[in-house]
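Quick note: the coordinates plus some simple rules give every number you see, no bench work behind them. These numbers were taken from a predicted model, which means no experiment stands behind them. FYI the Cβ positions are ideal-geometry reconstructions off the backbone, even for glycines, and counts take in every protein chain you see.
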Amino acid sequence: MYHKSVYNYIYKISVFCKRNLSEIKDIINYKINRFLYKNTKILPLKECITKDVYEMYQDIPKEEMGSVNKLNGLSFEEFKVMCNDYIKEEKEINKQLNTTTNRYILFDGNMPIGEVGIRTTLNYFWINKGSQIYYKIRKSKRGKGYGNIILKLALVEAKKLGFKKVRINCNNENIASKKIIIKNGGVVDIDSYKTNEGFSSSYNINLSDE
């Protein structure tokens, strides 16, 4: 009832201002999200090897639409060891992936929400096919807008690292993630290619000021 009355009010404003209703909604939603998520930030993994972050990883599935969470199911001591291995991959190439990766944790206040990774050594595969950014949101915090926030913050970080554009891949059945990518400027580059999990698409997001 509340949302209906709000959007009815917005409709009246849009008619009065002669502006498109969807444009007005976008402005309102942007203001609301900015207020709701003003305490969000991403921190490097090396600053986040804590019990709370460990619990976050237990709330992210081991496998999901091609995404793998190797930290789920480990003891806290095993978790710390693997996190330190991941931190080394910021400078040392992972031989399986053939790239380096910077990993960050999204926080809302003191609550860890999810992980985002940026592939930082770009060879032919990572430039032309591989997803240069990935992210995972804990199950208990999904559907609350954090996927959009974590990608926005990752794009800011990627730009700081010198990226002019990034490639991000998404399983075609992951409608929520697809919407987030498009909302953040994603344009389809490779449409519906076959994977072990079904079909995915690859998007480019331009980070250049030009």
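Restricting attention to segment 134-169, the residues that are in contact (Cβ under 8 Å) with a residue 40 or more places away in the chain, in a helix (DSSP H, G or I), more than 13 Å from Gly114 (Cα to Cα) and of a type in the set (A, V, I, L, M) total 2. For segment 58-87, the set of residues classified as touching a Pro at 6+ places or on another chain (Cβ under 9 Å) and assigned to a helix (DSSP H, G or I) consists of Ile87 only. Residue count for segment 79-111 under the criterion of being farther than 23 Å from Lys159 by Cα and touching a residue at least 60 places away in the same chain (Cβ under 8 Å): the result is 1.
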